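Participant: This is the structure, below, for whatever I ask next.
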Amino acid sequence: MSQALNTESPPKAKRLYRKGNRLSGAEKKRLSLLRKKDTHKEVTLYMRNAYKDGLLKLCKEKGMTQAALVEYLIEKELSLEADPEHSVKGLPYCLLED
C-alpha cells in the first residue's frame with residue numbers, strides 16, 4: 001500500500017514571472033512621468049466649479065481625457081487666430097456668437 005502512495009507525481013513548482021519583477025503602481029506612474037517630461041509641461045490651475053463641471057461634461061461627451069480636451073481646445077483656438085476671417089482681436093473664438 002505504501003507503494004501506491006509514492007506513485008503520485010510531486011507537486012509542480014509555481015511558474016516564475018518571465019519579465020522580471022513586476023513594478024508597483026507608484027513605480028509605473030513615476031516612470032510614465034519621467035517619459036513625459038521630455039515632451040510635456042505640467043499645468044496647475046484653479047478654475048471655478050461651474051467651469052470644472054463643464055470640462056468634465058465635455059470630456060465625457062467627447063470621450064477624451066481632460067488633458068486631451070484642453071490641448072484640443074488650445075489647438076482649435078490657435079488655428080482660429082491664424083485665420084483672420086474667424087477671429088476678433090481680444091476675444092477668444094469660444095466667446096463669439098455665431
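Just so it is clear, none of the values below were taken in a lab; they were calculated from the coordinates. These numbers come from a predicted model, not from an experiment.
Participant: Given axes a ≥ b ≥ c from the Cα gyration tensor, I'd like to know whether segment 31-86 is rounded (a/c under 1.5), prolate (a/b larger than b/c) or oblate.
Facilitator: oblate
Participant: Mind listing the phi-derived Karplus ³J(HN,Hα) values for segment 66-82, rounded to whole Hz, using 6.51, -1.76 and 1.60 with θ = phi - 60°, and x for any glycine or proline?
Facilitator: Values, residue by residue: 4, 4, 5, 5, 5, 4, 4, 5, 5, 4, 4, 5, 5, 5, 6, 5, 6 Hz.
Participant: Further, regarding this structure: Residue by residue through segment 34-48, which ³J(HN,Hα) values in whole Hz follow from phi under the Karplus form 6.51 cos²θ - 1.76 cosθ + 1.60 (θ = phi - 60°), with glycine and proline marked x?
Facilitator: Computed from phi, the couplings for segment 34-48 are 5, 5, 6, 4, 6, 10, 10, 10, 7, 10, 10, 8, 10, 9, 4 Hz.
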